[in-house]
Amino acid sequence: MGVERARVSRSRVEARSGRGRCVATAGALVVLAGCVDGTLPGPSATPEPSPPSSLLQVEIDIDPDDANQLAGEGRNLLDVLGGEDCTDRLRDAPFTWFPADVTVDGELVTNVGIRKKGFIGSLSSERPSLKIKFDKYEPDQLWGEQERLTVNNSRQDPSRLRTCLAYRFFEAAGVPAPSCELAHVVANGTSLGVYTRVQDVKRRFLREHFGDDTGDLYEGTLSDFRDGWTGSFEPKTDTTDPDRTPLLPLVDALAGPDEDLEAALSDVLDLDEFARFWAAESIIGHWDGYAGNANNFFVYSLPDGLHFIPWGPDGTMVPRGGDDVPLMLNSLLPQRLYATAWGRQLYEDALHELLNDAWDPDGFVDLLSGWREAAAGDALSPGEFSDAVDELIELVEERASAYPSLLAGGLPELPLEPRPSPCQEFVGDIRLGFDTTWGTFGTPPFEAGQSTWNGEVDGAPFAFDAAAAAAGADAQGQPILASYGFRTTPERLDQVYAFVAPQDLRPGTVPLDFWGRRAYLIRSEPADAEGEFRGLVYGELTFEAAGTTPGAAIRGELSGVLVRGVAE
């Protein structure tokens, strides 16, 4: 791979050597397959096939006890981020395979394997994402030609359409992406609503898109090409180098000086290809992808270099600030490129190229409208589903009109700093008792209710001269529980704020898991000083009594461990 690159004017299809790969066009749908001339796709027209008139129907029959166990399995953020080495180790999947019978579009397949899937943001006990392996217990058993079927709950996307839309755009941008369709999932006779069926990035995908399935494939989950971050790359085939040796040349290239960067990177990856991947992630706002969060991506190593594959885009296409250009810049490779004049120009050229040739708002709106019509009958809440699709359509149209003016002045100058570690360290434990009434939040705190504090933070036990509690709704209407502890010598005010969902305000226990239910400790020394963050609480919140009518009793206990970022 040479250092010289064509810019905006380069051909849609550029010659490559060292690998069989070609582009064929069926209508305007890019189809990648192994072939002999070794060409690489650039941006193409937006895929045009019409959405189906109905969804893939997936019906699961599983023992109820197994279903309950499957639904309850999972991990919390502390499992992922706990410890100073959280970015340099693999995380065990806490999921169990269970036998089940599965009917797909009327075809029954018996004694298949089924398990929950997900990292953090997609985990759900009510609507779990699922992996189905047809040959788990019966060798060579298939559904059609498929060994497996993956259905994702698209938990971060109330429209359920963002994943498929994102992958269609990656395809149009010339970036290898999984195929995607909508599915209706039913478990033991109960509808779980609309899911997305996503192609697994396995050997079949690699053959289809690269013409070669013998390379080294890794999944990146809070992973980057820098010291202390490579141990979390997960080998994904039985022949993938577990020592991650193929990734080290990129680590070394990024550790070198600016003057050598272009030549060093050109030896380990195709810079134009990566620029399209980076620009595509930025245009759709894939904040949880590689460029945005060093997360949710695959990297595939072949003799001609490394290739990036997108993953997990259900959180894309969300409202953004009116003056924000499309730019994701939270991992090392895009940061190093953006810090150089030639790297920034490479990215800017890719942005314009994709916006001109691959971003087709009219086509995307047609796709969304067709998918809505096909999925409406299977949505759990048709009204909310339709409103969410309307919002997504509006975002697609707004983004199309906003980008030209945003980019007219060029890309912004930004201070670039290495991303701090997301890892969390244990700093204490806490147990709070509270007894107050609804509607007291915002009133003088030490007149509102009672609280008891036990535990310690940063090696010192909690000890107060007075403690109190309050409960109510914050300015955004979210339920909040507050506990206050005050001491006079030396003067100090500790405050714990717990945010929950409205449906949590009833007797029972809910987890404090950061995703929707979170609690944190703020300390002010002296009491009227600006508060200092002391830690997130991971644990649980138990209500003995709760309600949202004025004066309703709010009584119970909050308990857990305190954690704080190692970089804070």
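The values are calculated or read from the model by the stated rules, or taken from the named source; none is laboratory data. Keep in mind it's a predicted model, so treat the numbers as computed, not measured. Please note: Cβ atoms are built from the backbone with ideal geometry, for glycine as well, and neighbour counts cover all protein chains shown.
Some observations on this one:
- Residues being touching a residue at least 24 places away in the same chain (Cβ under 8 Å) and surrounded by fewer than 16 Cβ atoms within 10 Å (Cβ to Cβ) - total across segment 388-403: 2
Table: residues versus (1) at pLDDT below 95; (2) over 20 Å from Gly455 (Cα atoms); (3) buried (at least 19 other Cβ atoms within 10 Å of the Cβ).
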residue: Ala469; (1), (2), (3): no, no, yes
residue: Gln476; (1), (2), (3): yes, yes, no
residue: Thr489; (1), (2), (3): yes, no, no
residue: Val496; (1), (2), (3): no, no, yes
residue: Arg517; (1), (2), (3): yes, yes, no
residue: Glu544; (1), (2), (3): no, yes, no
residue: Arg555; (1), (2), (3): no, no, yes
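- Set Asp88, Asp63, Asp92: member being out of contact with any Asp or Glu (no Cβ under 7 Å at 6 or more places or on another chain), within 15 Å of Thr221 (Cβ to Cβ) and at pLDDT 85 or above: Asp88
- First in segment 343-359 and among the aromatic types (Phe, Trp, Tyr), second anywhere and at pLDDT 95 or above, Cβ under 6 Å, 6 or more apart: Tyr347/Ala275
- Subset of segment 521-540 (residues that are part of a strand (DSSP E or B) and within 18 Å of Phe464 (Cβ to Cβ)): Leu521, Ile522, Arg523, Ser524, Glu532, Arg534, Gly535, Val537
- Annotation: of all residues in segment 410-429 being in a strand (DSSP E or B) and of a type in the set (D, E, K, R), the one that is modelled with the highest pLDDT is Asp429.
- Of the residues screened, Ser282 is one that is touching a residue at least 24 places away in the same chain (Cβ under 8 Å), within 18 Å of Ala350 (Cα to Cα) and either crowded, with 19+ Cβ neighbours inside 10 Å or touching a strand residue (DSSP E or B) at 6+ places or on another chain (Cβ under 8 Å) (or both).
- Cβ-Cβ contacts under 6 Å between residues 6 or more apart (or on different chains), taken from a first residue in segment 500-522 that is within 29 Å of Phe486 (Cβ to Cβ) to a second residue that is in a helix (DSSP H, G or I), are listed as Val510/Asp504; Phe514/Leu77.
- When restricted to residues that are loosely packed, with under 15 Cβ neighbours inside 10 Å, touching a strand residue (DSSP E or B) at 6+ places or on another chain (Cβ under 8 Å) and either touching a residue at least 60 places away in the same chain (Cβ under 8 Å) or part of a strand (DSSP E or B) (or both), segment 84-98 contains 2.
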